[in-house]
Each structure stands twice: as structure tokens, then as C-alpha cells.
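Trainee: One structure coming up, written as C-alpha cells, with questions to follow.
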Amino acid sequence: MRKFSWFNATSLTFGFAFLYLPMLILIIYSFNESRLVTVWAGFSTKWYGELFQNEAFLDAAWVTIKVAFWSSTLATILGTMAAYIMVRTGQFRGRGLFSGMIYAPLVMPEVITGLSLLLFFIAIGLDRGVITIVLAHTTFAMCYVSVVVTSRLVSFDQSLEEAALDLGCTPFDAFRSVTLPIIMPAVISGWLLAFTLSLDDLVIASFTSGPSSTTLPIKIFSAVRLGVTPEINALSTIMIGLVTIGVISASLVSRSMSIKARADERRAEQG
Amino acid sequence: MAQPKPDTIFAPWDDPTAKPLIQFKNVTKRFGDFTAIDNLTLDIYAQEFFALLGPSGCGKTTLMRMLGGFETPTEGHIFLDGVDIGPVPPNERPVNMMFQSYALFPHLTVWDNIAFGLKRSDMPKDEIGDRVEKMLKLTQLGKFAKRKPHQISGGQRQRVALARSLAKAPKLLLLDEPLGALDKKLRHETQFELMDIQETTGTTFVIVTHDQEEAMTVASRVAVMVDGTLSQVATPDQIYEAPNSTYVADFIGDVNLIEGVIEVPEKGAAKDAVSIRWSSTETPINATSDLGLAAAATVHFAIRPEKVSISTEKPEADNVMSGKILDIAYLGNISTYHVEVAPGLIIKAQATNVRRMSRRNLTWEDHVYLSWTDTAGVVLTS
């Protein structure tokens with residue numbers, strides 16, 4: 001292990017402070033007794049209680065979860081399909097362009113993605129609501145899923161699929177009963193990632209949401225413009241918790257399960 | 001065993017009325033500009049243990065993958081039981097394959113791996129269990145049925161792969177370097193197991209290997225491939241004793257190749273006798289050939305080291321050469337002597353070590369005589 005010098009300790013402290021101090025303050029103040037956000041008046045969980053009485057927030061939370069669930073599920077299906085095709089079809093003319101087009105939305109500014117989706121929905125006459133947010137979130141989350149699944153499929157032994165075909169599977173049956181169970185950890189972690197991304201998106205959702213379909217980030221953003229309340233702090237703390245759990249479990253699932261699956265596969269290959 | 005039994009000789013390839021199970025008719029396979037298989041025609045008969053042998057890149061794996069349905073011929077046709085299987089996808093062919101990597105499904109137990117193909121066939125559910133048990137028994141895997149592939153040894157995995165590919169009782173089993181991943185001792189044992197299983201089940205086996213010893217051991221016939229074409233298709237003993245080209249002679253086992261020119265035959269010489277002049281000063285080699293070679297034709301004389309006798313006294317034989325021992329390769333059961341008989345020409349002679357090391361009398365720099373009969377070698381024109 002490297003020596004733990006004063007310089008290292010200071011860098012680490014400042015680095016983490018820079019990243020997490022604002023959130024820490026928010027979390028601390030969510031347990032503040034006082035209605036004034038910046039004045040500490042003792043520990044209390046009453047704002048959490050009030051939060052759960054607030055219909056508007058609860059509605060927004062429900063919309064957010066619905067959107068996150070459906071968009072991450074759709075994104076996982078589409079992203080896995082895209083990854084599978086890109087890895088399996090091998091070389092063809094324009095392959096580079098195709099894979100580039102799948103990953104381009106990753107680096108596209110959200111404002112542009114949101115705006116173009118808004119224009120698209122207006123053009124096809126689709127009323128903005130939960131469905132449009134789901135579609136919008138699916139669009140950008142799909143790229144992330146496809147990146148995660150692609151990296152798993154690249155190391156997948158293709159003779160396993162050939163063996164399934166050889167033993168009487170149709171190509172779809174081979175995918176369902178052999179490929180999918182083996183790449184499942186990557187698919188699950190892709191889903192969790194998509195879920196988390198959808199949960200905290202503000203920009204794209206604000207372009208594509210309708211009057212009846214406010215998501216939590218939009219709700220918080222508009223509430224904050226009228227002044228920060230301890231309720232918002234409490235809500236934000238819950239969201240930080242949810243996102244943290246999502247990201248950590250996604251990485252844990254993909255790490256531990258795919259390490260195990262790959263080790264199994266390697267051991268099964270060695271003779 | 002795959003070897004013919006003494007009373008009923010298994011040789012359908014010599015029987016003009018026998019119907020082949022597999023027929024390749026003028027099959028060509030190209031990958032872009034690369035021709036992997038070049039206008040190949042081949043018949044394989046039912047119950048054969050057929051080996052495709054060749055160096056890597058000779059097209060043997062492509063040929064096998066075309067039988068499995070993973071590649072389609074660019075030109076020509078492949079018939080299985082008289083049916084053109086070109087357009088048939090792998091899952092509808094009565095053919096199963098054992099993969100080089102075994103391709104065992106890591107998420108399924110040994111039992112489920114073997115049952116995988118059966119569950120996708122029209123076999124009734126209650127018969128599947130019996131069939132799997134039978135396969136486990138055939139491959140002695142009963143104890144490991146509930147284990148996952150990564151919980152068993154390499155040799156056991158190899159047997160699971162074999163059991164899985166045999167479970168559906170295919171007309172044809174393809175084995176792609178099936179023993180490549182096993183160590184030498186286990187490989188030898190498994191070769192005999194494979195032959196036993198092939199005989200028990202009566203399935204036609206086509207095996208791809210680059211190991212000539214393995215091909216010779218297991219196969220009823222061997223096809224030696226080079227650059228997408230067949231050099232020779234024959235029984236192991238014919239391939240070894242009567243190779244049809246210097247390539248085959250050199251690829252299979254160890255061989256001495258001597259280049260020379262056919263002499264004008266003496267009056268009264270036997271019809272198949274030839275004499276080959278290989279040096280302007282030395283006595284020509286006496287050999288036999290039924291190729292009807294014209295005088296002055298350039299040929300290669302090929303003789304296996306074990307057919308060359310080595311002695312310190314000059315023997316009476318059709319061919320005698322004298323020389324000096326340059327090298328001795330001691331292999332335990334046999335020794336190979338490298339003898340220089342003329343400047344630049346080294347002939348290898350093999351002798352069985354019937355006596356112990358200290359009792360043997362040949363050593364480096366010794367002057368020795370090499371001898372062989374006129375039928376010991378073959379005369380090759382290509």
C-alpha cells in the first residue's frame with residue numbers, strides 16, 4: 001500500500017468535500033426543526049412526515065417511478081437488441097456509422113435531445129404526458145444499456161449459441177435459453193442504470209412532460225423557484241438515497257455476477 | 001473398435017454398390033478472396049469413423065462446419081442420405097457437433113446440458129430422463145449429473161460435451177478437435193473411449209484433428225487435406241505405407257525422402273522393378289512401383305525410418321548403404337540414428353531398444369551399414 005502522506009490526505013479531503021459537502025448540508029438541513037432553511041433549530045423528522053402528506057409531491061413521485069420503470073424496461077429491451085445485432089452481425093458496410101449512431105445520443109446535449117423530441121411529438125400530434133416522457137427517456141437510456149450489454153457480449157463465446165442451434169434451437173430460442181441467461185447480469189445492471197438516469201432527469205422531462213404529468217425533478221425545480229423549503233430538502237434526501245442505492249446496486253450486480261459468470265465460462269472453456 | 005473385425009471387413013468405400021451417407025459434390029467455399037475449400041468431392045459412409053487431418057488453415061474445420069450447417073457452400077452441393085442439406089439450417093439437421101471449446105452451457109447442470117437437445121426434440125417428456133441417464137452411464141458421468149460445468153474437470157467436461165452431442169442419436173456426429181484440450185495421457189485413454197462409444201452407438205463420426213497420431217488411432221479412413229483440397233483419402237495403413245505424394249508421406253510420421261532419376265531397366269528385370277539413381281557415384285536404389293514410370297523421370301523415394309535396418313556388419317540385402325552416425329535420438333523404447341550416407345544426405349534409421357543402454361554397441365561417429373528390401377519404400381512422382 002502507498003504511504004498515506006499529508007498531501008494525499010488533503011487532496012482526498014478537498015476532493016470529496018467539493019463533491020459531497022453541498023449534498024451533506026442538504027441532508028443535514030432536511031432534519032432541521034426550523035422552517036427557516038439556513039437556521040439550525042434542533043433535530044426533527046417532521047418534514048418527512050409533512051412530505052408524505054403533500055399530494056402534489058406524492059403524485060409527482062408516482063409519475064416519476066412509473067416513467068422510470070417503463071422507460072428503463074423499454075430501453076433495456078431495445079438497447080439489448082441493438083447491442084446483440086451490433087456484436088453479432090460482424091462487419092458490413094456502414095457498420096461504424098451504425099454503431100456511432102447508437103452511441104451519439106450519449107454525448108448529445110440534453111437540451112437538443114429534449115427540443116428535438118418535443119418538435120417530433122408535436123409533428124406527429126402526440127399529446128404530451130406520461131407516454132411522451134417514457135419515450136424520451138427510453139431514447140437516451142437505450143444508449144447506456146447498449147454500451148453495458150455490448151461490453152458483455154464481446155467476451156461471450158459464440159460457439160455456445162452455435163451449440164444451441166446445433167441441438168435444435170431456433171435462433172430466437174437459442175438467444176432466449178442460452179445467451180440471455182448468461183448475459184443477464186449486464187442486462188440487469190443496464191436496467192438499473194436506465195432507471196436511475198430516468199429518475200433524476202430534469203431537462204428532457206421538462207421538454208416532453210405535459211400539464212398532468214409532472215415528474216419529481218420538475219416539481220422540485222419549480223418549487224425551489226418559490227423558495228427552498230425543508231420539505232424539498234427531505235425529498236431531495238430521499239432521492240439522493242434512491243439514486244445512490246440504484247447506482248451502487250447496478251455496479252454491484254454487474255461486477256459480482258459478471259465476474260462470476262465470466263470465471264465460470266472461462267473455467268468451462270478450459271479443458 | 002473402429003478397426004475392421006477379422007470376419008466382416010468394414011470397407012464400404014471399396015464396395016461400388018454401397019450408398020454413401022454424406023456426399024460432397026464439387027464443393028467450393030470462399031470467404032471473400034480466400035478459397036477455403038476448392039472444388040472438393042468426397043464420400044463418407046454410414047458407421048465410418050472418418051478423420052479430417054491437416055495443418056491449420058487447410059480447410060478441415062470449414063468442411064466440418066458446412067456439415068453442421070454453420071457455413072454454406074459457395075458452389076457445389078452436400079448430400080446427407082441423398083438429401084441436399086445446403087439450405088437446411090443447423091437446428092433441422094440430423095447432425096450434432098461436439099465443439100472444440102465444448103461450448104457447455106455454464107448456467108445449466110450436467111444433466112440439463114445433456115437434456116438440452118432432447119427437450120427441443122419431439123421426444124416425450126418421460127423418455128427424456130431415461131435417455132439422459134443412459135448417456136450419463138455411457139460416459140460414466142452419473143456422479144456429476146447435478147454439477148455445473150465449472151465444477152468438474154477438463155476430462156469430465158469433454159465427456160459431457162460428447163454425451164450432449166450424442167443424446168439426440170444423430171445420424172452423424174461431428175467432432176472438432178475433441179481431445180485438443182486434454183493432456184497426453186488422458187487423450188490416449190479418451191481416444192479408445194471414443195472408439196468404443198462409436199462402435200456401441202453405431203453413429204457415423206467425422207473428426208477434425210491436426211494430430212496425425214490421433215487420426216491414425218481412431219479413424220477407419222483418414223483424409224489428408226492441404227490448401228482446401230484432399231491430398232489422399234485412405235485407411236490409416238494405406239496413408240502410412242502407401243502415401244500418394246511427398247506431402248502426405250512427410251505429413252504423416254517420419255520419412256526419408258531421396259530425390260533421384262529412374263534408370264533404364266535392365267533386360268529381364270521384373271515388370272514393377274525400378275532402380276533410382278540418386279547420386280552419380282553411388283549404387284542406385286532398387287525399389288518397386290506399379291506406376292509404370294518412364295526412364296529419366298524425376299521421382300522421390302520415400303522410406304520410413306523403422307524400415308531401415310542398421311548394423312555394423314555388411315548385410316545381404318536389395319539395398320545397402322554405408323555411412324557414419326551423426327546423431328542418436330534416444331526415445332526410450334526406440335532410438336533413431338541419423339546416418340550420413342553421402343555428403344549432404346542423411347538417412348534416419350530406427351531400431352527398437354531390445355537391450356539396455358549399456359549393452360548396445362552403436363555410438364556416435366561409428367561406421368554402419370543401412371539396408372532395406374526393394375518393397376520397403378515407395379516411389380513418389382509428386
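Each value in this text was obtained by applying a stated rule to the coordinates, not by laboratory testing. Values in this document were obtained by computation on a predicted structure and should not be read as measured data. Cβ: placed from backbone, ideal geometry, glycine included. Neighbour counts: every protein chain shown.
Trainee: Where a Cα-Cα gap under 23 Å defines reach, which lysines qualify for B:Lys185, not counting those fewer than 8 residues away within the same chain?
Mentor: List returned: B:Lys137, B:Lys143.
Trainee: Does anyone have the angle between helix A:180-199 and the longest principal axis of chain A? Alpha-carbon axes, 0 to 90°, nearest 10?
Mentor: 30 degrees
Trainee: Using only Cα atoms and rounding to the nearest 10 degrees, what angle (0 to 90) does helix B:110-119 make with the longest principal axis of chain B?
Mentor: Tilt relative to chain B: about 70 degrees.
Trainee: Return B:Arg159, B:Arg356 ranked ascending by Cβ neighbour count within 10 Å, so the fewest neighbours appear first.
Mentor: Numbers: B:Arg159 24, B:Arg356 7.
Going from least to most buried by this count: B:Arg356, B:Arg159.
Trainee: Separate question: What does the convex hull of the Cα atoms come to per residue for the protein assembly as shown, in Å³? Display every interim value, and only then the final one.
Mentor: On the way: hull volume 187.5 nm³, N = 653.
Looking at the protein assembly as shown, the number lands at 287 Å³ per residue.
Trainee: What Kirkwood hydrodynamic radius, in Å, does chain A give when the mean of 1/r is taken over all pairs of distinct Cα atoms and then inverted? All intermediate terms of the calculation are to be shown ahead of the outcome.
Mentor: On the way: mean 1/r = 0.0466 Å⁻¹.
Value: 21.5 Å, from the Cα pair sum.
Trainee: Further, regarding this structure: For B:Lys19, which lysines qualify as cross-link partners when the Cα separation must be under 22 Å and same-chain residues fewer than eight apart are set aside?
Mentor: B:Lys5, B:Lys171
Trainee: What length, rounded to one decimal in nm, is gained on full extension from B:Lys271 through to B:Phe79, with 0.36 nm per residue of separation minus their alpha-carbon distance? The partial results should precede the final answer.
Mentor: Values: separation 192, 0.36 × 192 = 69.12 nm, distance 4.25 nm.
Net length gain for the segment: 64.9 nm.
Trainee: Treat every Asp and Glu Cβ in chain B as -1 and every Lys and Arg Cβ as +1, leave all other atoms uncharged, and give the resulting dipole magnitude about the Cα centre to the nearest 20 debye. Could the numbers behind the result be given before it?
Mentor: Values: 39 positive and 48 negative charges, 349 e Å.
It comes to approximately 1680 debye.
Trainee: Additional query: What does DSSP give for the protein assembly as shown in terms of the percent of beta bridges that are antiparallel, rounded to the nearest 5? List each step's numbers first, then the result.
Mentor: Working: 58 of 76 bridges.
Given both bridge residues lie in the protein assembly as shown, the antiparallel proportion sits at roughly 75 percent.
Trainee: So between B:Glu282 and B:Ala169, what do we pick up on full extension, going 0.36 nm a residue minus the alpha carbon distance? Display every interim value, and only then the final one.
Mentor: On the way: separation 113, 0.36 × 113 = 40.68 nm, distance 6.07 nm.
Full extension from B:Glu282 to B:Ala169 adds 34.6 nm.
Trainee: Under 18 Å between alpha carbons, and skipping anything fewer than 8 positions from A:Lys66 in its own chain: which aspartates and glutamates qualify?
Mentor: The reachable aspartates and glutamates, counting only those whose Cα sits under 18 Å from A:Lys66, are A:Glu55, A:Asp127, A:Asp200, A:Asp201.
Trainee: Sort B:Arg30, B:Arg164 so that the residue with the fewest other Cβ atoms within 10 Å of its own Cβ comes first and the one with the most comes last. Provide the component values of the computation, followed by the final result.
Mentor: On the way: B:Arg30 14, B:Arg164 31.
So the residues, fewest neighbours to most, are B:Arg30, B:Arg164.
Trainee: Let me ask something else about it. How big is segment A:1-51 by Rg and Dmax over its Cα atoms, in Å?
Mentor: In Å, with Rg to one decimal and Dmax whole: 16.4, 49.
Trainee: Greater than 21 Å separation of Cα atoms is the criterion. Which listed pairs, A:Lys260/B:Lys146; B:Lys119/B:Lys146; B:Lys146/B:Lys184; B:Lys314/B:Lys348, meet it?
Mentor: Violating the 21 Å limit, Cα to Cα: B:Lys146/B:Lys184.
Trainee: Let me ask another. Okay, which of segment B:310-352 sit inside 15 Å, backbone N to the point 7 Å along the Cα-Cβ direction of B:Glu259?
Mentor: B:344-346
Trainee: Once the dipole of chain B is set up with Lys and Arg at +1 and Asp and Glu at -1 on Cβ about the Cα centre, which of B:Leu118, B:Gly253, B:Phe70 lies farthest towards its positive end?
Mentor: Sorting the options by dipole projection puts first B:Leu118.
Trainee: Next question. Based on other C-beta atoms within 10 Å, arrange A:Met101, B:Met225, A:Met184 from fewest to most. Walk me through the numbers on the way to the answer.
Mentor: Numbers: A:Met101 12, B:Met225 26, A:Met184 16.
Going from sparsest to densest Cβ surroundings: A:Met101, A:Met184, B:Met225.
Trainee: Given the options A:Tyr29, A:Met81, A:Ala17, identify the residue whose Cα lies farthest towards the positive end of the charge dipole of segment A:1-159 (+1 on Cβ of Lys, Arg; -1 on Cβ of Asp, Glu).
Mentor: Value computed over the given set: A:Met81.
Trainee: In Å and whole numbers, how far do the C-alpha atoms of chain B stretch along each principal axis, longest first?
Mentor: 78, 52, 46
Trainee: Tell me, Kirkwood radius of segment B:45-115 from alpha-carbon pair distances, in Å? Don't skip to the end; give the middle numbers.
Mentor: Values: mean 1/r = 0.0701 Å⁻¹.
It is 14.3 Å.
Trainee: Which of A:Lys219, A:Lys66, A:Lys46 moves the most in a Gaussian network model of chain A with Cα springs under 10 Å?
Mentor: Result for chain A, Cα springs under 10 Å: A:Lys46 fluctuates most.
Trainee: Taking a ≥ b ≥ c as the square roots of the eigenvalues of the Cα gyration tensor of segment A:1-104, is the shape rounded (a/c under 1.5), prolate (a/b larger than b/c) or oblate? Can you show the working numbers first?
Mentor: Numbers: a/c = 4.33, a/b = 1.47, b/c = 2.96.
It comes out oblate by the Cα gyration axes.
Trainee: How much FRET efficiency would the formula 1/(1 + (r/R0)^6) give for B:Lys19 and A:Ser249, where r is the Cβ-Cβ distance and R0 is 56 Å, rounded to 0.05? Provide the component values of the computation, followed by the final result.
Mentor: Values: r = 62 Å, r/R0 = 1.11.
The formula returns an efficiency of 0.35 here.
Trainee: FRET efficiency for A:Leu115 and A:Val228, Cβ-Cβ distance as r, R0 = 25 Å, nearest 0.05? Intermediate results must be reported in sequence, preceding the final value.
Mentor: Working: r = 28 Å, r/R0 = 1.13.
FRET efficiency, A:Leu115 to A:Val228: 0.30.
Trainee: Which log10 I(q)/I(0) values, to two decimals, does segment B:107-208 give at q = 0.20, 0.25 Å⁻¹ under the Debye formula with one point per Cα?
Mentor: Values returned for q = 0.20, 0.25 Å⁻¹ are -1.06, -1.52.
Trainee: Separate question: Return the calculated 222 nm mean residue ellipticity for chain A, to the nearest 500 deg cm²/dmol, obtained by summing -39500 (n - 2.57) across DSSP H runs with n ≥ 4 and dividing by the residue count. Write down the numbers at each step before the final one.
Mentor: Details: 13 runs with 200 residues, N = 271.
Per the formula, -24500 deg cm²/dmol.
Trainee: Below 15 angstrom from the Cβ of B:Ile285, what's the summed charge of the other residues (Lys, Arg +1; Asp, Glu -1)?
Mentor: With Lys, Arg at +1 and Asp, Glu at -1, the neighbours total -4.
Trainee: Provide the FRET efficiency to the nearest 0.05 for the A:Thr170-B:Ala242 pair, computing r from the beta carbons and using R0 = 45 Å. All intermediate terms of the calculation are to be shown ahead of the outcome.
Mentor: Numbers: r = 48 Å, r/R0 = 1.06.
After rounding to 0.05, the efficiency reads 0.40.
Trainee: For helix B:154-166, what angle does its Cα long axis make with the longest principal axis of chain B, in degrees from 0 to 90 and rounded to 10?
Mentor: The two axes meet at around 70 degrees.
Trainee: For segment A:124-243, what is the convex hull volume of the alpha-carbon atoms per residue, in Å³?
Mentor: Values: hull volume 16.0 nm³, N = 120.
Once divided by residue count, the hull of segment A:124-243 is 133 Å³.
Trainee: Going by the alpha-carbon gyration tensor, a ≥ b ≥ c the square roots of its eigenvalues, is segment B:225-382 rounded (a/c under 1.5) or, if a/c is not under 1.5, prolate (a/b greater than b/c) versus oblate?
Mentor: On the way: a/c = 2.05, a/b = 1.30, b/c = 1.58.
Since a/c reaches 1.5 but b/c is at least a/b, the shape of segment B:225-382 is classed as oblate.
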